[in-house]
Each structure stands twice: as C-alpha cells, then as structure tokens.
C-alpha cells in the first residue's frame, strides 16, 4: 500500500532497505531531515548512525567504513558537497561504492537564501568528478520520490559491481515535498568480498599496489558503455525533442502533454543517469527529429554540453539545431509550452 | 647463549632514513600485534607524511588504510564502527595530527572514538623535506624558518589529558633501550584498552629526524634528551 513520505525521509529509508550499514551526516538545509531520520532509524535497525562535525568528516568516515566492503552512505547539499570533494576522489581511488545524496540548493558560495527550493546548479560538478584527478561518479537524477527510492535500491548494486561512488542528485523541492510511495523489502546487509577484515591480504583491484593507472580510465570507459539509463517519452513520431532531468523534466512533461493535445509532435528524452550520459538514447531517436531543446533549472546551461557532445557522436543528429533554456528556478509549464511553441515557429535563436 | 631477535613476520623491509625513530615504532607495533594475536585482525590507518612510507606491500599487507592528510582518526572510526572486532590504530606524524588534522585529533579524543592514536612527533615535516610543523621548537631552523622559528610550538598533551573520554594518554621517545621498553608498554596498554574496553588511547612518540635536523643519529638523540623533552615532557599523562 502506498504511503505519503517526505523526500528526505524516503531517501534514508530506501538506503536502509537497500542494506546500508552505516550512515554519517551533518545538518545543512535542505537535506537536514535525512540526518534526523537516520539518527532514529539506523539504531532502531541495529546499524550505525554518526552525526559528524563537518562534511569532510562525513565523507572520510564513509571512506574508512566503506573500505570494509559494507554499503555506507552520506548526504549533504551545496557547500557541504564542496567540502567532501577530497574524500569523494579518495573513494573513487580505492573503489568504494559510497552512496552520496546531494540535495542541491542554489548557486555558488553559501548559496541558499530563497534558493533553498533547489536547482540543478551542481550538474557540472557532479557529472565531471569534482575532486582531483580523472574520475566520474555514477550520477542518478530522479524525477519523483518513488524514482529516488527505486534508484537507491536498484542502482546501488551497480555501484558495487563497478566499485564506484554513486550520487543520487536531486533538488531541494523534491527532498522537501511529500508523495505517495511504496518501499521494497529489506535486503540483507552484506560486505563485499574485497572489503578489509583486518587480515594482511591485498585488494586485487584497488589496493595500495602501484603501477596500472590505466585501470581507472578503463573502468570509466566500461561504465560509460554499460550504465547509460534514460526514459523515452512520446518520442515515436517526435519532431521536437526536449532533454531535461529531475523536477525540471516533470514541468516539461506538463508542457509536452499540453502541446500533444494540440497535435504538436513533441516528446522528451529524459536522462535518468546524467553520468554516464545516455548517448544510446540519442542514437535511438527517430528520424523524424528536427530540433532538440535542452531545458535546465540552472543559472547557466550545463547539461547542454553533454547534449551537444552526444549529438556530435550520432551522425544523423550532426546537422540538427539545438536550443537551450536554462533558468534560475523552475519555469511554470505554461511558460515552457510557450517557449517550445516559439522554437517550433522559428522565433528562438539556436545555440552556436 | 645469545638470544636471537627475529623481526615480526609482517615486516619485509622498512624504508626510513638511517637513525629515524619511525622504524623503531613500526617494529614495536608489529611485535605487540604478533604477541597479542592481532596480526590478522588489525587495520592500520596511515596519514600522509613519513608514516606513509609503510604504503605499498613492504610492511604488512592490505590491513593498512591509505588515508588523506589529517583524516586517519575519522576514517579509522568508520572502520571500527562497522568492524568492532578489529584492532584499529592510526599512525600519523605531527604535521598530520596537529596541523591539517588537529580538528580530527581533538574530535577523536573528545568523542572517545574506540581507536588507538599514535603520533610520531619529530618537530618538522619530515617527508616533504623538513619544513616548520606546529611542533617545531622556538628558534629551531627549518626550511621555512631559516632564521629560526619566531613563535612557539603546541603541546597537545594538556588538552588531550583534560578530555573525559580519553582512557590513556602518554608520551614516549626512542632514544634509549629503557625508553623503547616504556613505549612498548604504552602500545600494549592502548591495544588492551581498545580491545577489552572499547576505549580511546593517545600515544605520542618523540622521534629523531637526523636527515632534516642535519644532525647525526647520536646527536639527534642527545638533542631530544636535552632540549626537546623540556618542551614535550615524557611519561603517562592519563590512565
């Protein structure tokens, strides 16, 4: 039976059911309710909850605990995720599949203010690593609380398979709102066999032995091929394709539905994983496509580069025009509907 | 009949400079782990600095955790909390523990993380070539205090000693067999407190750094006994 759950609480419960052994977090708006929820829930389940003294300590606690091979999790927002970067690159380096929930606030520096409702301003950092060195996190962007639950539960094993950090990247609004959701059953807590147990043995993959640095780039290339994840929405005969993620895609969906009722051939390609970006989704677009529109809840266009790069890799899309609509805050669907109509009527300027 | 001293089986070689105190600590630690049966049930959390010389597979296998600068106590706490049956110990230098990682050092003591913290204090940043550390003595010449340090070093012991959650706090050195035997006893006590009672211990080891002090090993030990221990007195401060 479905129950009404707040986003931040649901992220914690989903992780607990997925077998999370340790959660560590530090309060920061708009994700503080994850910390609050886990402070009761984890001890109740006889698991470990730690309230840290900074986000740096959060991620480094995850680093130490994650080396045991158990699933471990932290969450934060804005500057908190900035502070974590040294630890996230360390987790990548040692192949620790830590789960990081980033509830995006708004903007640079302290961010926040009226922007606690959230944005997709961290898109560039989340999908490009963020710390030192060449690495990538698996980045999943849900468009509903139910999808966030499913992504945590179903995709965390993918992070374990490739031994790679995973980010559930979402926005303040989704974390703060409530929706009717259903949770999966509890999964058994298991430590991966590569985990440290105190024995003097070497981790064959990401242990302290030196030499084969190419293994990291090979892993990234493999994940790029095998972990793409997206949703096609009304694309079969589409002439106009909207690309959007997260809550932004939900508003776009409303605008698309309204235009479809008027007979406009418009659809959406929604990346569920922003890294690796779904190039295969672009390959599969129908040959009716005449234009692509990239909509983002960000001060400036960020995902646009991924869209253009994906199109560059698909020969049939090389000459198709691209339009970009970044905005500070979510645009109402009637504004988007008008914008899409203007693009179709040739009244908007294409990118480049 | 002469007694044969065998190296603990986990040590293949130790890549420290001649006369350095690190290697004595590493040897003692492995002896204690072997004697107490924790060789295959311990995780060593190394920071960045000369302690990082035990990286690679030269000293014990993969039961050491390479950790970022200053973070070993929190990473160690993470491991200990999910694997409580494992002996978790941090092995840091004074730059690691008292400069970039001072927050973590105090936090671990304040919260009484169930781990054992070992800090090698050699009054400078050894690995990077002898720069000033928080423990550099007043007037001491380093590569970043070429006219001698103008201000004064920090002695963390009074602070650590004052924290309720600290079960054991001691400072030792390695300048004589008598001091080395004392250090071994401190290590044993830290192991017992963690494994039998789940308690936090802090042991600082004042250690010679002949390479960066530009002194012979013998003169380095002499300087510790005559000058350094005036600023960093030895002994048990708590427990």
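Quick notes
- Per residue convex hull volume, Cα atoms of the protein assembly as shown, in Å³: 169 Å³
- Cα gyration tensor, the range A:231-344 - rounded (a/c under 1.5), prolate or oblate: oblate
- Relative contact order of the range A:238-352: 31 percent, from C-alpha pairs under 8 Å at least 6 residues apart in sequence.
- Calculated FRET value between residue A:349 and residue A:205, using beta carbons and R₀ = 41 Å, to 0.05: 0.25
- Most tightly packed first, judged by the mean number of other beta-carbon atoms within 10 Å of their residues, the peptides A:237-245, A:311-319 read A:237-245, A:311-319.
- Extending 7 Å from Cα along the Cβ direction at residue B:143 and again at residue B:6 yields two label points whose distance is 4.1 nm.
- Cut-off 16 Å, label 7 Å out along Cα→Cβ of residue B:128, residues of the range B:76-101 by amide N: B:93-101
- Partner shielding of B:94-107 amounts to 1, given as the average count of beta-carbon atoms from other chains within 10 Å of each residue beta-carbon.
- Peptide A:51-64 is shielded by partner chain Cβ atoms: per residue, an average of 6 of them sit within 10 Å of its Cβ.
- Each of residue B:159 and residue A:237 was given a label point 7 Å from its Cα along the Cα-to-Cβ line. The distance between the two points is 7.2 nm.
- The alpha-carbon atoms of chain B, seen along their principal axes, cover 50, 48, 31 angstrom, with the largest extent given first.
- Estimated FRET transfer efficiency (residue A:4, residue B:151; beta-carbon r; R0 45 Å; 0.05): 0.15
- Mean separation of Cα contacts under 8 Å (6+ apart) over length of chain A, as relative contact order %: 17 percent
- Relative contact order computed over the range A:1-112 (Cα-Cα under 8 Å; 6+ residues apart), in percent: 27 percent
- Highest GNM mean-square fluctuation among A:62, A:227, A:20, for chain A modelled with Cα contacts below 10 Å: A:227.
- Helix-only [θ]222 nm of chain A, DSSP H runs n ≥ 4, -39500 (n - 2.57) each, per residue, nearest 500: -11500 deg cm²/dmol
- Length available on full extension from residue A:218 to residue A:53: 0.36 nm per residue minus the Cα-Cα distance, which gives 55.8 nm.
- Selected from A:291, A:136, A:105 as most flexible by GNM, with chain A as the system and alpha-carbon contacts under 10 Å: A:291
- Segment residue A:193-residue A:314, length gained on full extension (0.36 nm per residue, minus Cα span): 39.6 nm
- DSSP bridge orientation in chain A - percent antiparallel, rounded to nearest 5: 25 percent
- With the simple model of a label 7 Å out from the Cα in the direction of the Cβ, residue B:178 to residue B:238 spans 2.8 nm.
- Efficiency of FRET between residue B:111 and residue A:257 - r from beta-carbon atoms, R0 41 angstrom, step 0.05: 0.20
- The share of Cα pairs per 10 Å bin across the range B:140-239, counted from zero up to the longest distance, runs 14, 39, 31, 15, 2 percent.
- Once the gyration tensor of the Cα atoms in the range A:3-226 is diagonalised, the equivalent ellipsoid follows with semi-axes of 26, 20, 16 Å, ordered largest first.
- Chain A: most fluctuating residue of A:150, A:299, A:203 per GNM, C-alpha cutoff 10 Å: A:203
No value in this document is a laboratory result; all are computed from the given coordinates. Just so it is clear, the model here is predicted, and its values are computed rather than measured. Heads up, the Cβs are rebuilt from the backbone with ideal geometry, glycines too, and the neighbour counts pull from every protein chain shown.
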